[in-house]
Amino acid sequence: MKKIVLLAINAKYVHSSLSSWIIAEGVSRFFRFPHEVIVAEATVNQSYDIIINHITEHSPDVIGISSYIWNAGMMPRLLVMLRERLPDLLIVLGGPEASNNVDYWLENGADYVLEGEGEFEFPRFLNNLYCAQDSFAFADAACKFINPYTDSYLNALNGRLSYIETSRGCPFQCSFCLSADSGVKYFPLENVKEQIKMLSQANTKTVKFVDRTFNCNSDRAYEIFEYILGLKTECRFHFEVAADLFDERILLLLEAAPPGRIQFEIGLQSFYEPSLKAVSRQTDIHKAEKNINFLIKKQNIHIHVDLIAGLPYETFFDFQNSFNRAYSLNAHTLQLGFLKFLHGSKLRKQADSFCFEYSDEPPYELICSPWLSVDNLRILKQVENALQHTKNKGRFLSTLHYVLTATGKTPFALFHSMGMSVPNSGTQLEDYIVQLYDFFIRLPGVDKIDLKDCMIYDWLSMVKGKNIPAFLKNDNKQRVEIAQIAELTLERKIRREEYAVLSSGKGLFVDSNNRDPVTELYEVYVCGCVATI
């Protein structure tokens, strides 16, 4: 009897591992020698000792570890400690970090590094090792559908994000991506639907599709969207999509989606076409903008838009234009990412020809280029910090809109100055709002009363169970009347932190039992009517 442990080291506790459970099912199905297979999940935030103890308690003969950029930094030390504690343990690595950098990992603790589809290659390896045979009929096996959603998986899920793969690979050629031009392997639709239904009834709030470009096949995407919209479930379904590939039929279908049922992550990356061309990014930017505007207008789908800073030929000025154009789409999340040079990517091989400098340590991020200096990137990090702690958390949305309108600043200019003047590193929200107020009030064109009212509105919409900061309060006799109106409207008793008075004398109150399923903000009312400022 051989004991096999499959270790997944996730970026956060809320994440779960899909690959380890798929491989576990492959081992259970195809490994011919008597065995027990165990999935062990950990996070990068746990100590080495905790992770090692979790492994050693199973006394494995073989450990298989999936390597990614988020866990690669801790892997060398982890492998050394594993070898010290379990000297006879066979250590096998797979995943994009290991399979694209084989020599390094063989020199740093791994006994073997596997390439290819783990659910087939790992049991093949075990069969060759322990059964002295290569009789595994992979031509047949590779056609089989692997379902990782066993009772053990569902029990381990425990409310975390779950993941599903309905296709593998990508037809596009983006040079910064490991899936570039890999072709697409589609899994049978009937099996996919069964898995979706199973997860929709499981202990998870969000199901994330890991397909690299989910809607590269429009007919298939339409059928899966249609199936999901017909489910009776409270789950959210998250997709990575190309906005320019949506046709009218899909857009009309999505228009009818229940609010919050679907989330889209849309990789625009840049609006600077020479940069897109340089990295072989095929995007109809104008069509993408048009489709995003259509989707956002309905306000039933959460839209997440990605930009990448550091692409070839895009200068600091060009990136500011991309940022401002992306911000104007009014997506719920605007992620500012930084170019990474992944092992195995075409762009990493081209780095010298473009004169890129990047870190040798994961995640191999850009240090500087002919188009972005070290100082430019430092500023962009400040912009990212301000963006992440406000808009991307659904915070201060009315305030940001007001300040941009009142000052006439571009979004990039505002977030740049915010990032420099109001850094956020573990700052409590109660302190951060004071710092933001002090910063905003000094900007030309900002009115103290209007700013204060926007911040009161934002506080009620984004915070539950906390009193409005003292410097924002307007205490007067109207509070009693507002409370009465709120209780009549909401048909329940209202707590004092759920209502406030604006500087204009108008009353605000919040339904803190009711969050918008798309924005996750609480509904705010003015005198019994849903309010927007």
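Under 17 Å Cα-Cα from Lys193, which lysines qualify once same-chain neighbours fewer than 8 residues away are excluded?
Lys144, Lys185, Lys208, Lys232
What's the magnitude of the charge dipole for region 2-141 around its Cα centre, counting Lys and Arg as +1 and Asp and Glu as -1 at the beta-carbon? Answer in Debye, nearest 20. Present the calculation step by step, with values, prior to reporting the outcome.
On the way: 9 positive and 18 negative charges, 55 e Å.
For region 2-141, the charge dipole is close to 260 debye.
Under a cut-off of 27 Å between alpha-carbon atoms, report the lysines in cross-link reach of Lys448, not counting same-chain residues fewer than 8 places apart.
Candidates past the 8-residue exclusion: Lys391, Lys393, Lys409, Lys464, Lys466, Lys473, Lys477, Lys506.
Taking 8 Å as the Cα distance limit and 6 or more residues as the minimum spacing, I'd like the relative contact order of the chain as a percentage. Can you show the working numbers first?
Numbers: 919 pairs, mean separation 46.1, N = 533.
RCO, the chain: 9 percent.
Taking every DSSP beta bridge with both residues inside the chain, roughly what % is antiparallel (nearest 5)? Please report the intermediate quantities before stating the final value.
Values: 17 of 60 bridges.
Percentage antiparallel, nearest 5: 30.
Would you mind computing, in nm to one decimal, how far apart the modelled labels at Met198 and Val14 are, each placed 7 Å from Cα along Cα→Cβ?
The answer from the label model is 2.5 nm.
Show the residues, 5+ positions off or on another chain, whose built amide H is closer than 5 Å to the amide H of Val305.
Under 5 Å from the amide H of Val305 lie the amide H atoms of Ile266, Thr333, Leu334, Gln335, each far enough along the sequence or on another chain.
For the pair Gln428 and Asn513, how long in nm is the line joining their label points, each one 7 Å along Cα→Cβ?
The two pseudo-label positions are separated by 2.9 nm.
Can you tell me how region 367-490 classifies by the Cα gyration tensor, rounded, prolate or oblate, using a/c under 1.5 as the rounded cut?
prolate
Return the calculated 222 nm mean residue ellipticity for the chain, to the nearest 500 deg cm²/dmol, obtained by summing -39500 (n - 2.57) across DSSP H runs with n ≥ 4 and dividing by the residue count.
-12000 deg cm²/dmol
Using R₀ = 30 Å, calculate the FRET efficiency as 1/(1 + (r/R₀)^6) where r is the Cβ-Cβ separation of Ile367 and Val44; round to 0.05.
The computed FRET efficiency comes out at 0.85.
Please work out how much length the chain gains when fully extended from Lys3 to Asp447, using 0.36 nm per residue of separation minus the C-alpha to C-alpha distance, in nm with one decimal.
Numbers: separation 444, 0.36 × 444 = 159.84 nm, distance 6.79 nm.
That works out to 153.1 nm of additional length.
Compute the convex hull volume of the Cα atoms of region 237-287, divide it by the residue count, and report the result per residue in Å³ as a whole number.
Convex hull of Cα atoms, per residue: 82 Å³.
Which shape class applies to region 202-360: rounded if a/c is under 1.5, otherwise prolate when a/b exceeds b/c and oblate if not, where a ≥ b ≥ c are the square roots of the Cα gyration tensor eigenvalues?
Details: a/c = 2.16, a/b = 1.77, b/c = 1.22.
Judged from the Cα gyration tensor, region 202-360 comes out prolate (a/c at least 1.5, a/b above b/c).
Determine the shape class of region 1-65: with a ≥ b ≥ c the square roots of the Cα gyration tensor eigenvalues, call it rounded for a/c under 1.5, and otherwise prolate if a/b is greater than b/c, oblate otherwise. Before the final figure, lay out each step's value.
Values: a/c = 3.64, a/b = 1.49, b/c = 2.44.
Because a/c hits 1.5 or more and a/b fails to exceed b/c, region 1-65 counts as oblate.
Mind counting lysine pairs for me in region 247-347? Cα separation below 26 Å, and the two need to be 8 or more apart along the chain or on different chains.
Taking region 247-347 as the scope, the lysine pair count is 7.
Give me P(r) over region 468-530, computed from all C-alpha to C-alpha distances, binned every 10 Å, as integer percentages.
All Cα pairs, binned at 10 Å, distribute as 22, 54, 22, 1 percent.
Sort Ser59, Ser417, Ser270 so the one with the fewest other Cβ atoms within 10 Å of its own Cβ comes first.
Lowest count first: Ser59, Ser417, Ser270.
For Leu129 and Arg77 in one chain, what is 0.36 nm times their gap in residues minus the Cα-Cα distance, to one decimal in nm?
Numbers: separation 52, 0.36 × 52 = 18.72 nm, distance 2.63 nm.
Length difference between fully extended and current span is 16.1 nm.
Using the basic label-point model (7 angstrom from Cα toward the beta carbon), what is the Arg168 to Ala470 distance in nanometres?
6.1 nm
Fewest Cβ neighbours within 10 Å first, please rank Met418, Met1, Met75 accordingly.
Arranged by neighbour count, lowest to highest, Met418, Met1, Met75 become Met1, Met75, Met418.
Does a label point 7 Å from the Cα of Asp360, set along Cα-to-beta-carbon, have any residues of region 92-107 with amide nitrogen under 15 Å, and which are they?
104-105
Suppose the chain between Asp181 and Thr315 were pulled fully straight at 0.36 nm per residue; how much longer would it get relative to their current alpha carbon spacing?
Roughly 45.5 nm would be gained on extension.
Using only alpha carbons, build the gyration tensor for the chain and give me the equivalent ellipsoid semi-axes, biggest first, whole Å.
That gives 44, 28, 24 Å for the three semi-axes.
Report, in debye and to the nearest 20, how large the dipole of the chain comes out about its Cα centre when Lys and Arg carry +1 and Asp and Glu carry -1 on their Cβ.
1300 debye
Since every read-out is calculated from the coordinates, none of them should be taken as a lab result. Note that the coordinates shown come from a computational prediction; the quantities given were computed from them, not determined experimentally. Glycine also receives a Cβ, built like all others from the backbone with ideal geometry; neighbour counts cover every protein chain displayed.
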